[in-house]
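**Q** Handing you a structure now.
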Amino acid sequence: MAADPRSVLERLLAALNAHDVDAFVTCFDERYESEQPAHPARAFSGSDQVRKNWGTLFDQIPDLRAELLRSAVEGEAVWAEMRWTGSKADGAPLDERGVIILGIRDGLIAWGRLYMEEVEAGGAGIDETVDRMTGSER
């Protein structure tokens, strides 16, 4: 019987919040495929890169925390709305929010699509954003 995708997500979050890189990496298939569709250059393969990425995050952001806001399961995929917070090495706050979609196979994360973005505290309002999207001014 296949592992419940939600239980894999729970293991991943527990390891992340404990900053346990070994437990974190054991959640992933060694051939894991990662995509960030809004940032295609960030795609990578393999659990070794997962270890490198998250080991650095745990080292450089000692108070890194993940909060699961909502989740849903569709077949072997789990969708999770997340918030990641902490203090960066330079003292600046980390506040990322978004959605991750994880494909679970044989109780491991086989693939992921991450839509996490740093929260923009200021920036353009909705009217300016629509104008930018359309290439026009209203």
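**Q** Near the amide H of SER87, under 5 Å away, which other amide H atoms are found, from residues 5 or more places off or on another chain, if H is placed in the peptide plane?
**A** Hits under the 5 Å cutoff: ASP63, LEU64, LEU94.
**Q** Per 10 Å bin, what percent of the C-alpha pairs of the stretch 5-134 does each bin hold, from zero upward?
**A** The percentages, shortest bin first, are 12, 40, 34, 12, 2.
**Q** Nothing charged except the Cβ atoms of Lys and Arg (+1) and of Asp and Glu (-1): what's the magnitude of the dipole of the chain about its Cα centre? Round to the nearest 20 debye.
**A** Dipole about the Cα centre, nearest 20: 160 debye.
**Q** With all pairs of different alpha carbon atoms counted, what Kirkwood hydrodynamic radius in Å does the stretch 64-138 show?
**A** So the Kirkwood estimate lands at 14.8 Å.
**Q** While we're here: How large is ³J(HN,Hα), in whole Hz, for each residue of the stretch 85-98 in order, when computed from phi with the Karplus curve 6.51 cos²θ - 1.76 cosθ + 1.60 and θ = phi - 60°, using x for Gly and Pro?
**A** The phi angles translate into 10, x, 10, 5, 4, 8, x, 5, x, 9, 8, 10, 9, x Hz.
**Q** Considering the chain as a Gaussian network with a 10 Å cut-off on Cα pairs, which listed residue, SER47, SER34, SER87, attains the greatest mean-square fluctuation?
**A** Comparing SER47, SER34, SER87 in a Gaussian network model of the chain, the most mobile one is SER87.
**Q** While we're on this one: With a length cut of 18 Å (Cα positions projected on each helix's long axis) and a Kyte-Doolittle mean of at least -0.5, go through the chain and give me the DSSP H helices that pass.
**A** Span-like helices, by this rule, are 5-18.
No lab work stands behind these numbers, since they all come straight from the coordinates. Keep in mind that what you see is a predicted model, and the values were worked out from it rather than measured. Cβ atoms come from the backbone with ideal geometry, glycine included; neighbour counts cover every protein chain shown.
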